[in-house]
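Each remark here refers to the structure printed beneath this line.
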Amino acid sequence: MSDIDLKNDNSYDVLVVGGGQAGLAIAWNLAQHDLRFVVLDAAPEVGHVWRTRWDSLQLFTPAEYDGLPGTPFPAAAGTYPDKEAVANYLQDYVEAERLPVHTGCKVSALTRRDGVFEAQAGDVVYRAGQVIVATGPFQEPRTPELSSGLADEVTQLHSSQYRSPDELPPGPVLVVGGGNSGVQIAQELAVSHAVTLAIGSRPKMLPQRILGRDLFWWLIRLGLLRKPAGSRIARRIRAKGEVVIGANWKQLRRAGIDTRSRAVDATGTTVHFADGGTADFDTVIWATGYRSDYAWIDIPGVVVDGEPAHRRGVTDVDGLYFIGLSWQHTRGSGLLGFVDEDARWLVERVSAKASNAQIPVPRPTARTQPGHDLLSPVD
């Protein structure tokens, strides 16, 4: 046990910031050890992020690969859970596993004094000997500067705000961003609207099923989801950039989707593209991803150039860790059914530190670079 004064109701051995899939995987593993911990989540309820995504969102991973430790996902193998099923699963998981998750607790500042971490959440200060940041890589919606050139009459939404075609006005729609979210939204809208998809470069597209097997069956059998980020094959996968699952270019053309080059400027209702072309739109949806926000971490050396400096989630600040980052260790690090491997590995080190045991930490390597979650169902 740590030397934190546990007589204080707000003092813990371990504090977990973030109650999404990564935070819950960490919590389950912490519960297997003799540690006092709490999970703080800013959302009003567990699974809130999933409930606020667009109505038709489904996972790309079959249900048999979507479970957290201790509780399989409650759906038939080979089915693809929708966003409500995922949110319900996370809520039920917390209750079934009796995990101490406090919702509506947004941590506005994390500091460290005399070896003790202090997290400010509203009027309450939580103290802990160790902290695991599980807020994930998708925090602040990112919209390009060219959006400011569009006229007020143009409806603009980030993909995180999009819900369904019925909520959009009639008229042509531009979807900016050729990742999984952009392609899915463009396909859905093409049924009721004239849709243009603007992409910077043509992403690699993979079918959902290959030779009668789901794509993830192959990825698991080939070991690709567990290749370390620094391995040669992982570096090659990352260098190829965005991967879109379950679509192909012929399918987009058959749906009537007009594919254009990168959007580079906007004036009034007109959007200018990198190839010199222009077009007018009534609605623009920015499927342009997210940026990280770690401004609340007021500890030197933890965040470099806006991203966590870590080695497999372990920072240079003793007792401070990250979980759930894209390519934190492998391709599976940011995926619902695969984050447990990182969680178990980190908790072993957290538990060892709490008991003053010695356990190896990875040798210093190049800092993990930020990147879009290539196989995630969200931006």
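Can you return the aspartates and glutamates within cross-link range of LYS250? Criterion is Cα-Cα under 19 Å, with same-chain partners fewer than 8 residues away left out.
GLU188, GLU242, ASP258
How many angstrom lie between the Cα centre of region 81-114 and the Cα centre of region 243-276?
37
Can you tell me the dipole magnitude for region 214-354 around its Cα centre, using point charges on the Cβ only (Lys, Arg +1; Asp, Glu -1), in Debye to the nearest 20?
It works out to roughly 980 debye.
How high is the relative contact order of region 115-261, given as a whole-number percent (alpha carbon pairs under 8 Å, six or more residues apart)? Don't jump to the answer; show the numbers that get you there.
Values: 151 pairs, mean separation 31.8, N = 147.
With pairs under 8 Å counted, the relative contact order is 22 percent.
Helix-only mean residue ellipticity at 222 nm, the chain, DSSP H runs n ≥ 4 weighted -39,500 (n - 2.57), per residue, nearest 500. What is it?
-6000 deg cm²/dmol
So which aspartates and glutamates can LYS240 reach, going by Cα to Cα under 19 Å and dropping same-chain residues fewer than 8 places off?
Filter leaves ASP373, ASP379.
First measure r as the distance between the Cβ atoms of ILE210 and ARG262, then evaluate 1/(1 + (r/R0)^6) with R0 = 22 Å and state the FRET efficiency to the nearest 0.05.
0.15
Using each residue's phi in region 284-298, evaluate 6.51 cos²θ - 1.76 cosθ + 1.60 at θ = phi - 60° and report the 3J(HN,Hα) Karplus result to the nearest Hz, with x for Gly and Pro.
Going residue by residue, I get 10, 10, 8, 8, 10, x, 9, 10, 6, 9, 10, 4, 6, 8, 9 Hz, with x marking Gly and Pro.
For a quick check: with amide H placed at 1.01 Å from N, whose amide H comes under 5 Å from VAL264's, ignoring anything fewer than 5 positions away on the same chain?
HIS272, PHE273, ALA274
Whole-Hz Karplus ³J(HN,Hα) for region 182-193, in order, using 6.51 cos²θ - 1.76 cosθ + 1.60 and θ = phi - 60°, x for Gly and Pro?
Computed from phi, the couplings for region 182-193 are x, 5, 4, 5, 4, 5, 5, 5, 5, 5, 10, 9 Hz.
How would you rank ASP258, ASP342, ASP280, going from fewest to most other Cβ atoms within 10 Å of each one's own Cβ?
With the fewest neighbours first, ASP258, ASP342, ASP280 line up as ASP280, ASP258, ASP342.
How would TYR65, TYR89, TYR294 line up from fewest to most surrounding beta-carbon atoms within 10 angstrom?
Lowest count first: TYR294, TYR65, TYR89.
Fewest Cβ neighbours within 10 Å first, please rank LEU211, LEU146 accordingly.
The order, fewest Cβ neighbours first, is LEU211, LEU146.
On a 0 to 90 degree scale, rounded to 10, what angle separates helix 21-31 from the longest Cα axis of the chain?
It works out to around 20 degrees.
Using θ = phi - 60° and the Karplus form 6.51 cos²θ - 1.76 cosθ + 1.60, what ³J(HN,Hα) does each residue of region 165-172 get, whole Hz, x for Gly and Pro?
x, 4, 7, 9, x, x, x, x
Could you give the size of the charge dipole of the chain about its Cα centre, using +1 on the Cβ of each K and R and -1 on the Cβ of each D and E, expressed in debye and rounded to the nearest 20?
1920
Using the structure shown, list the pairs from LYS83/LYS204; LYS106/LYS204; LYS106/LYS227; LYS83/LYS353; LYS83/LYS106 with a Cα-Cα distance above 29 Å, or answer none.
Listed pairs above 29 Å: LYS106/LYS204; LYS106/LYS227; LYS83/LYS353.
All other residues with a Cβ under 10 Å from the Cβ of THR330 taken together, and with Lys, Arg as +1 and Asp, Glu as -1, what is their net charge?
Computed value for this residue: +2.
For VAL154, what charge total do you get from the other residues with a beta carbon under 13 Å from its beta carbon, if Lys and Arg give +1 and Asp and Glu give -1?
Numbers: positive: none; negative: ASP152, GLU153, ASP280, ASP282.
For residues surrounding VAL154, the net value is -4.
Would you work out the charge dipole size for region 1-124 about its Cα centre, treating the Cβ of every Lys and Arg as +1 and the Cβ of every Asp and Glu as -1, and quote it to the nearest 20 debye?
On the way: 9 positive and 18 negative charges, 47 e Å.
Dipole of region 1-124, to the nearest 20 debye: 220 debye.
Under a 5 Å amide H to amide H cut-off, with H placed in plane at 1.01 Å, what residues pair with HIS158 once short-range neighbours are removed?
Sorted by chain and number, the residues that satisfy this are TRP286.
FYI, it's all coordinate maths here, none of it is from the lab. Keep in mind that this is a model prediction, so the values were computed, not measured. We place every Cβ from the backbone using ideal geometry, glycine too, and count neighbours over all the protein chains shown.
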